[in-house]
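Enquirer: Before anything else, here's the structure in question.
Values quoted throughout were computed directly from the atomic coordinates according to the rules given, and no laboratory measurement underlies them. Here the structure is a predicted model, which means the values were calculated and not measured. Please note: Cβ atoms are built from the backbone with ideal geometry, for glycine as well, and neighbour counts cover all protein chains shown.
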Amino acid sequence: MLEAKEVDKNLQEEHAKKYLSLVGLSDFEDRYPHELSGGMKQRVAIARALAIEPEVLLMDEPFAAVDAQSREFLQTDLLKIAYATHKTVVFITHSIDEAVFLADRVAVMTARPGVIKEIIDVPIPREKRFNEDVKFTPEFVEVRRELWELIKEEVIKSQETSNKVTIEEFNFGDEKKIEEVNQ
């Protein structure tokens, strides 16, 4: 990417080292990808994305494939990196807790069609999220509850429109209803 921007070769290496340092991987700059853990690979992906200095960083479920402990550390690291670099991050996730922890605002999408249903502000300052376990604060719990209610409505609507046979009909073998649906 830096080559495409015609950045000098020496500056490319300097740039890469700067962003590897930012994500805590200075000691691993000579490693091959197969020598890195899943969390380290995600950090490299973040460094690579930041190296081209975008105005907005789009992240589509970047921590979905890492273990729970690495995910928690990566979330905190991402908050600190976004704060330090003054980058806007658009973060897509299916985790309510992750959304509340990372976001200043959370956009809840409808099921079908996928449009923004509502935007909820998260009243927890970023700086507080760096050092404190905010997941048990009243503010966190309240935003999480509010988001769950909005999402639950969408899940129920989606199930109502896509479930032609109810669980009860299926379990109790209402053959006539099942045959009607299959026709």
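Enquirer: When the Karplus curve 6.51 cos²θ - 1.76 cosθ + 1.60 is applied with θ = phi - 60°, which whole-Hz ³J(HN,Hα) does each residue of the range 16-26 get, with x for Gly and Pro?
Expert: Residue by residue, the range 16-26 yields 4, 4, 4, 7, 5, 5, 4, 9, x, 10, 4 Hz.
Enquirer: What does the charge count around GLU118 come to, taking other residues whose C-beta lies under 11 Å from its C-beta (Lys +1, Arg +1, Asp -1, Glu -1)?
Expert: Within the 11 Å Cβ shell, the charges total -3.
Enquirer: Based on Cβ point charges of +1 for Lys and Arg and -1 for Asp and Glu, what charge dipole magnitude is obtained for the range 70-149 about its Cα centre, in debye rounded to the nearest 20?
Expert: 280
Enquirer: Kindly write out, for the range 118-131 in residue order, the coupling ³J(HN,Hα) from the Karplus curve 6.51 cos²θ - 1.76 cosθ + 1.60 (θ = phi - 60°), rounded to whole Hz, with x marking Gly and Pro.
Expert: Calculated HN-Hα couplings, in order: 7, 10, 10, 7, 9, x, 9, x, 4, 4, 5, 6, 5, 10 Hz.
Enquirer: Which links in LYS87/LYS128; LYS18/LYS135; LYS87/LYS152 stretch past 26 Å when you go from one Cα to the other?
Expert: LYS18/LYS135; LYS87/LYS152
Enquirer: If you take every DSSP beta bridge fully contained in the range 1-123, what fraction is antiparallel? Give it as a percent rounded to 5.
Expert: Within the range 1-123, antiparallel bridges account for around 50 percent of the total.
Enquirer: Considering amide H positions built from the backbone, and no H for Pro or chain starts, which residues 5 or more places from LYS117, or on another chain, come under 5 Å of its amide H?
Expert: VAL108, MET109, THR110
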